[in-house]
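For reference, the structure discussed in these notes is given below.
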Amino acid sequence: MQPEERPPQRDAADPRPLVGEPLFLDLLNTRWIDDGVRHDLLDSTDGLAVWLRSAGLDERATADRATLDATVRTREILLALVDEEPSAQSADALNGVLERGALHLRLGLGGPQNHARTDDPAWLPSWLAAADYLRLMADSPDRVKPCAHPNCVLHFHDTTKNGTRRWCSMAVCGNRAKAARHYERAKTGR
């Protein structure tokens, strides 16, 4: 009897607590904290394969070392732009990613089409995330937010009508904050 074969790790479910954000934020959210433990989906090519599949890029990009290196580098650049004061250095770094590709316009049978092309296929996910960053910064920079929970490193695009969303997830970080406030009120007797 042969041992039962396990499916490759690349077929694993996406373990991240927040998915479905615009591409550049989804890339930022490949690192998270769960119960005080830091996680990084991009710590291997298997994790990259999970992210590419989750982001809908698995048929356009290969989960190999070159793509992983480019993607992690781009994530660090985007984190610096979002979490710190933008600097000439971080702008130059993002422009370096953007220079690796371009958007090509075409007319298809269904009308206009956009096709991103990069000088190296390993840079396609990075280029798409960098271009998405520019789009969101042009459209709604005040709607790109970090989670307000002090122990959370996730980011989100606030699509609420009044733009007052504070948590990556009300069910997780929002409830943690409510529970902490309740505990403090109970402890002080208020």
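The values are calculated or read from the model by the stated rules, or taken from the named source; none is laboratory data. Remember, predicted model here, so these are calculated numbers, not experimental data. All Cβ positions, glycine included, derive from the backbone under ideal geometry; neighbour counts span all protein chains shown.
I need the full set of residues from the stretch 94-111 which are in a strand (DSSP E or B) and either in contact (Cβ under 8 Å) with a residue 60 or more places away in the chain or not hydrophobic (A, V, I, L, M, F, W, C) (or both), in order please.
Residues of the stretch 94-111 that are in a strand (DSSP E or B), as a first pass: 101-108, 111.
If the condition is that a residue be in a strand (DSSP E or B) and either in contact (Cβ under 8 Å) with a residue 60 or more places away in the chain or not hydrophobic (A, V, I, L, M, F, W, C) (or both), then GLY101, HIS104, ARG106, GLY108, GLY111 are the ones that fit.
Restricting to the stretch 112-166, name every residue that is charged (D, E, K, R), over 16 Å from the mean Cα position of the chain (by Cα) and outside any loop (DSSP other than H, G, I, E, B). Write out each step before concluding.
The first filter runs over the stretch 112-166 and keeps only residues charged (D, E, K, R), leaving 117, 119-120, 132, 135, 139, 142-143, 145, 158, 161, 165-166.
Checking the rest, the ones that are also over 16 Å from the mean Cα position of the chain (by Cα) come to 117, 119-120, 139, 142, 161, 165-166.
Result: ARG117, ASP139, ASP142.
Is the stretch 120-134 home to any residue that is surrounded by 19 or more Cβ atoms within 10 Å (Cβ to Cβ), among the hydroxyl-bearing types (Ser, Thr, Tyr) and closer than 21 Å to ALA70 by Cα?
Yes: the stretch 120-134 contains one or more residues that are surrounded by 19 or more Cβ atoms within 10 Å (Cβ to Cβ), among the hydroxyl-bearing types (Ser, Thr, Tyr) and closer than 21 Å to ALA70 by Cα.
Of the residues in the stretch 57-73, how many are of a type in the set (Gly, Ala, Ser) and closer than 16 Å to LEU28 by Cα?
Filtering the stretch 57-73 for residues of a type in the set (Gly, Ala, Ser) gives 61, 63, 66, 70.
Now restrict to residues that are closer than 16 Å to LEU28 by Cα: 70.
Total satisfying the criteria: 1.
For the stretch 123-165, give me the residue count where each residue is in contact with a helix residue (DSSP H, G or I) (Cβ under 8 Å, 6 or more places away or on another chain) and among the charged types (D, E, K, R).
Number satisfying all stated conditions: 3.
Quick one: VAL97 ticks every box in (1) under 14 Å from PHE24 (Cα atoms); (2) touching a helix residue (DSSP H, G or I) at 6+ places or on another chain (Cβ under 8 Å); (3) at pLDDT below 95; (4) not small (Gly, Ala, Ser) bar one, so which box is it?
All conditions are met except number (3).
What helices (runs of 4 or more DSSP H) completely inside the stretch 1-89 contain at least 1 residues that are of a type outside the set (Lys, Arg) and modelled with pLDDT under 95? Can you show your working first?
Details: elements: 23-28, 45-54, 65-83.
Answer list for the stretch 1-89: 65-83.
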